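Scroll down for the structure; my scribbles are underneath it.
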Amino acid sequence: LFNDVAVASFYALEKHHMKSILIIDLDVHQGNGTASIMKNIKEVFTFSMHGEKNYPFHKEHSDLDIPLKDGINGKDYLKKLKENLILLGDKLSPELIFYVSGVDILNTDKLGRLGVNREDCKTRDEMVFEFAKKCKSPIVTVMGGGYSEKIYDIIEAHCNTFKSMLKII
């Protein structure tokens, strides 16, 4: 078992001599593995916005953790994301961004416990890609979780991520 984003980050640091990498993890579950692996790597900043009461029940410390209440609606979710992207933009100048685009934030997800619809999820993706564009940073997107019994919701949300990326980047 390995953490794809952590492995890719180490590769970028070693082979491309990156000085500043940002990992944006918007899967509903905290990026605990990434946080643990990267905790002493000063060139990598980890940001996780996740369900407060969702797995894992013991959270690792990311550089920036935003716990979300069960049932948070899309408007409030997007407001929190916007506030934190502004904060990150003021604080960091990433040479590379990794984006974990979990669609288990959807209100149809059987494990997610949030109140975010597909349109909100698409807006979330657009916000992240606009952020990367504003930072003039290349972005690598990896699919995160999705556990909806309505498989179409998962497929549509993941497709929207890549459609948004193609439109903006």
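We did not get these values from a lab; they are worked out from the coordinates using the rules stated. Computed from a prediction, not measured in an experiment: that's the story for all the values here. We place every Cβ from the backbone using ideal geometry, glycine too, and count neighbours over all the protein chains shown.
In table form, for the structure just shown:
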quantity: Fully extended contour minus Cα-Cα distance, from Lys163 to Glu149, at 0.36 nm per residue; calculated: 2.8 nm
quantity: Interchain or long-range residues, amide H under 5 Å from Ile105's placed H; calculated: Val28
quantity: Of all DSSP beta bridges in the chain, antiparallel share, percent nearest 5; calculated: 5 percent
quantity: Extension reserve of the Lys53-Lys82 stretch, reckoned as 0.36 nm per residue once the Cα distance is removed; calculated: 8.2 nm
quantity: Helix-only CD estimate at 222 nm, as mean residue ellipticity for the chain, using -39500 (n - 2.57) per DSSP H run (n ≥ 4); calculated: -14500 deg cm²/dmol
quantity: Computed lengthening from Phe2 to Lys75, 0.36 nm per intervening residue step minus Cα-Cα distance; calculated: 22.9 nm
quantity: For the chain, built as a Gaussian network whose Cα springs stay under 10 Å, the top-fluctuating residue of Met38, Met18, Met49; calculated: Met18
quantity: In degrees, nearest ten, helix 74-91 long axis to first principal axis of the chain (Cα); calculated: 10 degrees
quantity: Farthest toward positive dipole pole in the chain [+1 Lys/Arg, -1 Asp/Glu at C-beta], among Val44, His29, Pro94; calculated: Pro94
quantity: Degrees between helix 4-16 axis and first principal axis of the chain (Cα, 0 to 90, nearest 10); calculated: 20 degrees
quantity: Nearest-ten-degree value, helix 118-135 long axis tilted from longest Cα axis of the chain; calculated: 20 degrees
quantity: Ratio of Rg to Rh over the chain (Cα coordinates, Kirkwood Rh, two decimals); calculated: 0.94
